[in-house]
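In what follows, a structure is listed as structure tokens, so that the remarks can point back to it.
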Amino acid sequence: MWRRVASLSSSVSSSFLAQTASRLNTWESLTTGIAQQAKGVIAPKEKTPFITFVLGGPGSGKGTQCIKIVETFGFAHLSAGDLLRREIASKSADGAMILNTIKEGKIVPSQVTVKLIQKEMELSYNHKFLIDGFPRTEENRVSFERILSEWQSQIGVEPNVVLFFDCPEEEMVKRVLNRNEGRVDDNLETIKKRLTVFQALSLPVINYYSEKGKLYTIKAIGTEDEIFEQVRPIFAAFEQTVG
Ligand SMILES: Nc1ncnc2c1ncn2[C@@H]1O[C@H](COP(=O)(O)OP(=O)(O)O)[C@@H](O)[C@H]1O
Ligand SMILES: O=c1ccn([C@@H]2O[C@H](COP(=O)(O)OP(=O)(O)O)[C@@H](O)[C@H]2O)c(=O)[nH]1
Ligand SMILES: [Mg+2]
């Protein structure tokens, strides 16, 4: 138990740690159930995971709004970018490849990112997940949905909610250049590449979920609080059923 909590990523906020520590009987029972299913023993699942994808261009405010959603609605926040940056910092075998990919504004191979997200979900005691900045390509989407379906022993499992922070490019560029977090990709050259990649590879994912009726588009301009007032009712509507 302690080891599982202690090994949670640095990308996970302290409020999330506090919440997860108090939710010891939810996702654990599910992941235990998965392990038992693998051994041929079917365990009852107490709570089905509730999954939100948080999408939008670079600097659209995904991470900022995720913090507010965690504080207000008790989700676990999994930032795909933070998980990848942690791999770089830990000097893992994939670290150099990930660093180059991020500098170039390209997308890391799905199997790497999906594995990192999957591991974090398995470690979490929460059952409500915000997956921030993923999926960024159709291939990402298909790989992750396949994993979700295997876990739940169902065909075609999808996220429950997909948020899209819709922000004008000019504003996104301004925000990224002012971000001041020392990121290797927060420069004009990389952000131009990232915007091209977003249009070509990520917008198709957003369109896919729009056609599925899962997409909630947020106008991502205004103050952080004004934007959160568009986000709040989406989760408030699910609160009764999700817990
Ligand atoms: N509504 C907003 N207005 C102005 N700046 C914002 C707003 N929301 C976020 N920011 C700032 O813009 C930068 C990018 O926000 P961030 O949440 O990191 O976006 P993303 O995760 O989509 O790249 C950060 O420095 C953040 O503080
Ligand atoms: O699923 C993902 C998420 C991120 N990235 C890489 O990590 C970078 C930064 O992602 P992050 O979500 O942190 O950026 P943000 O949109 O928040 O600025 C991206 O440009 C990609 O190079 C990736 O390859 N796959
Ligand atoms: Mg971010």
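The values are calculated or read from the model by the stated rules, or taken from the named source; none is laboratory data. As the structure is a computational prediction, the values presented were derived from the model and not from experiment. Counting neighbours? That spans all protein chains shown, and the Cβs are built from the backbone with ideal geometry, glycine included. These accessible areas exclude ligands, DNA and RNA; they are computed on the full protein's heavy atoms, side chains included. Shrake-Rupley method; radii C 1.70, N 1.55, O 1.52, S 1.80 Å.
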(message) So, F198, is that one under 19 Å from the mean Cα position of the chain (by Cα), under 14 Å from S60 (Cβ atoms), within 15 Å of ligand 2 (Cβ to nearest atom) and in contact (Cβ under 8 Å) with a residue 60 or more places away in the chain or not?
(response) yes
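Across region 193-210, which residue is farthest from A89 (Cα to Cα) among those that are open to solvent by 60 Å² or more (accessible area, probe 1.4 Å) and aliphatic (A, V, I, L, M)? Before you say what the answer is, go through the steps one by one.
Within region 193-210, the subset open to solvent by 60 Å² or more (accessible area, probe 1.4 Å) is 193, 196, 199-201, 207, 210.
Next, only the ones that are aliphatic (A, V, I, L, M) stay: 200-201.
Working: A200: 29, L201: 27 Å.
That would be A200.
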(message) Scan region 75-97 and tell me whether some residue there is near ligand 2 (Cβ under 8 Å from one of its atoms) and among the acidic types (D, E).
(response) yes
(request) Out of F144, F134, F129, report the one residue that is assigned to a loop (DSSP other than H, G, I, E, B) and of a type in the set (A, V, I, L, M, F, W, C). (result) F134
(request) Determine the pairs where a residue that is in contact (Cβ under 8 Å) with a residue 12 or more places away in the chain and on the phi < 0 side of the Ramachandran plot, located within region 225-241, has a partner that is outside any helix (DSSP H, G or I) and open to solvent by 50 Å² or more (accessible area, probe 1.4 Å) with Cβ atoms under 6 Å apart, the partner being 6 or more residues away or on another chain. (result) I234/Y216
(request) Can you give me the number of residues within region 128-162 that are more than 12 Å from ligand 2 (Cβ to nearest atom), on the phi < 0 side of the Ramachandran plot and not hydrophobic (A, V, I, L, M, F, W, C)? (result) 11
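Can you pull out every residue in region 74-94 that is more than 13 Å from ligand 3 (Cβ to nearest atom), at negative phi and touching a strand residue (DSSP E or B) at 6+ places or on another chain (Cβ under 7 Å)? Outline the logic, then answer.
At the first step, the residues of region 74-94 found to be more than 13 Å from ligand 3 (Cβ to nearest atom) are 74-76, 86-94.
Filter once more, so that each one left must be at negative phi: 75-76, 86-90, 92-94.
Within region 74-94, F75, A76 meet the criteria.
E122 - would you say it is within 23 Å of S202 (Cα to Cα) and open to solvent by 10 Å² or more (accessible area, probe 1.4 Å)?
On the way: within 23 Å of S202 (Cα to Cα): no; open to solvent by 10 Å² or more (accessible area, probe 1.4 Å): yes.
Considered against the rule, which asks whether it is within 23 Å of S202 (Cα to Cα) and open to solvent by 10 Å² or more (accessible area, probe 1.4 Å), E122 comes out as no.
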(request) Might you check whether a residue that is open to solvent by less than 70 Å² (accessible area, probe 1.4 Å), in a strand (DSSP E or B) and within 16 Å of ligand 3 (Cβ to nearest atom) occurs anywhere in region 219-239? (result) no
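Does region 21-41 contain any residue that is part of a loop (DSSP other than H, G, I, E, B), at pLDDT 50 or above and either more than 9 Å from ligand 2 (Cβ to nearest atom) or within 15 Å of the chain's Cα centre (by Cα) (or both)? Step through it out loud before you land on a result.
Let us first name the residues in region 21-41 that are part of a loop (DSSP other than H, G, I, E, B), namely 22-26, 39-41.
With at pLDDT 50 or above added as a condition, the list becomes none.
No, because not a single residue in region 21-41 is part of a loop (DSSP other than H, G, I, E, B), at pLDDT 50 or above and either more than 9 Å from ligand 2 (Cβ to nearest atom) or within 15 Å of the chain's Cα centre (by Cα) (or both).
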(message) Just to verify a result, which residue in region 162-192, among those that are of a type outside the set (A, V, I, L, M), within 11 Å of ligand 1 (Cβ to nearest atom) and assigned to a helix (DSSP H, G or I), is surrounded by the fewest Cβ atoms within 10 Å (Cβ to Cβ)?
(response) K174
